[in-house]
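This report concerns only the one structure given below.
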2 protein chains.
Amino acid sequence: MPKPSKRDQLVGAAKELLWEVGFEAMSPRSIQERSAARPGSLYHHFPSKLAIAQEALQEASQEEILRLNDIFAADIPPLDALRHYLLLKRNAFQGCRLGRLVHEASIEQEALRLPVMAYFEAVRAHISRSLDQAKSEGTLNADLDPKTLAVSLTALIQGGYVLARTFQDEALMQQAAEGALALITEASRTR
Amino acid sequence: MPKPSKRDQLVGAAKELLWEVGFEAMSPRSIQERSAARPGSLYHHFPSKLAIAQEALQEASQEEILRLNDIFAADIPPLDALRHYLLLKRNAFQGCRLGRLVHEASIEQEALRLPVMAYFEAVRAHISRSLDQAKSEGTLNADLDPKTLAVSLTALIQGGYVLARTFQDEALMQQAAEGALALITEASRTR
DNA sequence: GTCTATAGAAGGATAGAC
DNA sequence: GTCTATCCTTCTATAGAC
């Protein structure tokens, strides 16, 4: 592995900071300090704070989508993958790497919004496909609509982060997921 | 109605701004401009931006809790109230008046966190009680745990805001709620 | 209570040397 | 490509007159 360029260090610092404090609270100064760089370096490689944030967020989104692809790999029974995904141990205090940015005013800028959309769309698509498969296998009630349910479950996780942060209690994320799983299990018995 | 004091105008402006832009993006200047006040007035009535935000947020939380009390009034069939609550028309772009603050770093301060906790706790309690009643009436499957399910549904709405804002599509909030209602309906048939 | 004027720090970015 | 030095604006608040 070659030594990281200053540019890479800057983007790495931005990725960390976006997760830790969000976009608006991430000052150019804080990026510079964390990557041992100076204003000249940052503004040589990027025209603005928005530009470096965009690149950092695109990378973060891509990384998280690759993780999803592993969790929902083709050889895993669909409801097992879904159960595993919902019950994943998450850093609930810090919040979702992508979702935590959504309530900032700056999210109206496409540079920030598109990477977040790409991530949520990947989550929704994986869950939807899992539920579809479960239906064809007969392990899920035929009355349920996988597309709608996938939106609900994608929302559920994001809401879990909100509750866990509010009450400073990671267990709420687990509890939210368990409630949804119980419903799916119950509903599947009605076939 | 007597004319509002400058103090009331300041708090009113803060309530609006907390909803529109959040705590960190709400500058003392923006509060002053919206209430046609000057720095001297703000800092005469409140020691800091945090202090006025606390009062504004306590009022907002209380107002929303009163709305909940109407929605979940005792004379409404519990599952009807729940269905009505979940399908409420919400301003999904702006986000939840309380929940939109949760991802800011400042939420670690109790002055901001406690009013948000109070609101979510009220939501959770209303839903939990509704589900409990439905169980005793025999309209909800006895296998389901109202407390756990209430956490899931509280999370669901917050996640709905996140998705709606991300995709700039209010319909996602409705879809998330419909998915959850479909599950509850299905699960209730297994009695 | 409300005003005007101002302070000290941080934010976001630029200029120009090396 | 990275550095030092600096610029203008905004943020949060304070001082003191009315």
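Identify the residue in region B:166-178 that is part of a helix (DSSP H, G or I), of a type outside the set (A, V, I, L, M) and under 17 Å from A:F120 (Cα atoms) and, among all such residues, is farthest from the other protein chains (Cβ to nearest Cβ). Within region B:166-178, the match that is farthest from the other protein chains (Cβ to nearest Cβ) is B:Q174. Between A:G95, A:G99, A:G159, the distinction of being touching a residue at least 24 places away in the same chain (Cβ under 8 Å), surrounded by 24 or more Cβ atoms within 10 Å (Cβ to Cβ) and under 17 Å from B:R100 (Cα atoms) belongs to A:G99 only. Cβ-Cβ contacts under 8 Å between residues 6 or more apart (or on different chains), taken from a first residue in region A:62-77 that is under 20 Å from A:K135 (Cβ atoms) to a second residue that is among the charged types (D, E, K, R), are listed as A:F72/A:R129. Determine whether B:L66 is within 14 Å of another protein chain (Cβ to nearest Cβ), more than 15 Å from DNA strand C (Cβ to nearest atom) and modelled with pLDDT of 95 or more. Against the criterion (within 14 Å of another protein chain (Cβ to nearest Cβ), more than 15 Å from DNA strand C (Cβ to nearest atom) and modelled with pLDDT of 95 or more), B:L66 does not qualify. Taken as a whole, region B:85-95 holds no residue that is part of a helix (DSSP H, G or I), away from DNA strand D (no atom under 15 Å from the Cβ), of a type outside the set (A, V, I, L, M) and within 12 Å of chain A (Cβ to nearest Cβ).
One residue stands out among those in region B:15-29 that are at negative phi and within 16 Å of DNA strand C (Cβ to nearest atom): the one that is farthest from the chain's Cα centre (by Cα), which is B:R29.
Contact map, region B:11-33: residues that are closer than 15 Å to B:R97 by Cα paired with residues that are away from DNA strand C (no atom under 13 Å from the Cβ) and basic (K, R), Cβ distance under 8 Å, separation 6+ or inter-chain. Pairs shown: B:L18/B:R97; B:W19/B:R97; B:W19/B:R100; B:G22/B:R100. Residues of region A:135-165 being more than 15 Å from B:A182 (Cβ to Cβ) and either in a helix (DSSP H, G or I) or in contact with a His (Cβ under 6 Å, 6 or more places away or on another chain) (or both), which ones? Matches in region A:135-165: A:S136, A:E137, A:T154, A:I157, A:Q158, A:G159, A:G160, A:Y161, A:V162, A:L163, A:A164, A:R165.
A:K135 fulfils the conditions (1) modelled with pLDDT of 95 or more; (2) surrounded by fewer than 22 Cβ atoms within 10 Å (Cβ to Cβ) except for a single criterion, (1). With respect to being buried (at least 20 other Cβ atoms within 10 Å of the Cβ) and assigned to a loop (DSSP other than H, G, I, E, B), A:L112 falls outside the description.
Look through B:S48, B:S35, B:S130, B:S27 and report the one residue that is among the polar types (S, T, N, Q) and closer than 21 Å to A:L172 by Cβ. None of the others qualify; the one that does is B:S130.
Criterion first (more than 14 Å from every other protein chain (Cβ to nearest Cβ), more than 14 Å from DNA strand D (Cβ to nearest atom), in contact with a Phe, Trp or Tyr (Cβ under 6 Å, 6 or more places away or on another chain) and within 26 Å of A:M117 (Cβ to Cβ)) does A:A53 satisfy it? Against the criterion (more than 14 Å from every other protein chain (Cβ to nearest Cβ), more than 14 Å from DNA strand D (Cβ to nearest atom), in contact with a Phe, Trp or Tyr (Cβ under 6 Å, 6 or more places away or on another chain) and within 26 Å of A:M117 (Cβ to Cβ)), A:A53 qualifies.
Pairs linking a residue in region A:36-50 that is in contact (Cβ under 8 Å) with a residue 60 or more places away in the chain to a residue that is away from DNA strand D (no atom under 11 Å from the Cβ) and of a type in the set (G, A, S), with Cβ atoms under 8 Å and 6 or more positions apart or on different chains, are A:L50/A:S106; A:L50/A:A111.
When region A:20-50 is limited to residues that are within 14 Å of chain B (Cβ to nearest Cβ) and more than 13 Å from DNA strand D (Cβ to nearest atom), the one that is nearest to B:I107 (Cα to Cα) turns out to be A:V21. Just to verify a result, which residue in region B:103-120, among those that are more than 13 Å from B:I157 (Cβ to Cβ) and hydrophobic (A, V, I, L, M, F, W, C), is farthest from the other protein chains (Cβ to nearest Cβ)? By that ranking, first place goes to B:A111.
The values are calculated or read from the model by the stated rules, or taken from the named source; none is laboratory data. These numbers come from a predicted model, not from an experiment. Counting neighbours? That spans all protein chains shown, and the Cβs are built from the backbone with ideal geometry, glycine included.
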